[in-house]
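Structure first, then comments.
The values are calculated or read from the model by the stated rules, or taken from the named source; none is laboratory data. Worth saying up front: this structure is predicted, and the values here are computed from it rather than measured. Don't worry about glycine lacking a Cβ; one is built from the backbone with ideal geometry, like all the others, and counts go over all protein chains shown. Just so you know, the surface numbers come from the protein's heavy atoms only, side chains and all, with ligands and any DNA or RNA stripped out. Shrake-Rupley method; radii C 1.70, N 1.55, O 1.52, S 1.80 Å.
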Amino acid sequence: MANAQNIEDSFDDAIKKLQAEKERMRKAAEEAAKQTEKQGFETIFTKKEVASILKFSERQIDRLIAAGKLKKIPSGVGKAVRIRTSELSRFIEGGKS
């Protein structure tokens, strides 16, 4: 019985950590949006910047884009990947809209 309780406690801790990380990512994207909103335009992140914000690898970002879960914008420069702040926020919030 104690083992089941330990597993449940570990699971609860993991959920709390994931929720805290989601909030950290949301705040990071929101802060970036505020900074550029002051300048009158939306931030466009590189794949590397998005990976850093989400704490993902660049390959994971490629996979999200390929799966249609994260939308990139045409950059017009080779294979460069650019993602709008609004798209990053949408993804962090759970892909709504």
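What do you reckon, how do Glu31, Glu87 stack up by accessible area (1.4 Å probe), largest on top?
If we order Glu31, Glu87 from most to least accessible, we get Glu31, Glu87.
When ligands, DNA and RNA are left out and all protein chains stay put, how many square angstrom of accessible area per residue does the chain have with a 1.4 Å probe?
With the other protein chains kept in place, the chain gives 72 Å² per residue.
Given Cβ point charges of +1 (Lys, Arg) and -1 (Asp, Glu) and nothing else, what value in debye, to the nearest 20, does the dipole of the chain about its Cα centre take?
560 debye
Can you tell me which of 8-15, 20-27 comes out highest on packing, and rank the rest after it, using the mean Cβ neighbours within 10 Å?
In decreasing order of mean packing, 8-15, 20-27 become 20-27, 8-15.
What is the local net charge at Asp9, summed over the other residues whose Cβ is closer than 14 Å to its Cβ (Lys, Arg +1; Asp, Glu -1)?
-1
Cut-off under 24 Å on the C-alpha distance; same-chain residues fewer than 8 positions from Lys47 excluded. Which lysines are left, in chain and number order?
Lys22, Lys27, Lys34, Lys38, Lys55, Lys69, Lys71, Lys72, Lys79, Lys96
How would Thr46, Thr85 rank on accessible area, largest to smallest, probe 1.4 Å?
Thr46, Thr85
Work from the charge dipole of the chain (Cβ charges, +1 for Lys and Arg, -1 for Asp and Glu, about the Cα centre) and give the residue of Ile44, Gln5, Ala33 farthest towards its positive end.
Highest projection toward the positive end goes to Ile44.
Limiting things to C-alpha atoms, what are the Rg and the maximum Cα-Cα separation (Dmax) for the chain, in angstroms?
16.6, 60
Considering only protein heavy atoms and a 1.4 Å probe, what is the carbon-and-sulfur percentage of the accessible area of the chain?
Carbon plus sulfur share of accessible area: 54 percent.
For segment 40-89, run through the trypsin sites (Lys or Arg not before Pro) and keep only the ones in DSSP coil with at most 16 other Cβ atoms within 10 Å of their Cβ.
The qualifying sites are Lys55, Lys69, Lys71, Lys79.
For Ala4 paired with Ser89, estimate the spin-label separation in nm (one decimal), with each label point 7 Å from Cα along the Cα-to-Cβ line.
Once both label points are built, they end up 4.5 nm from each other.
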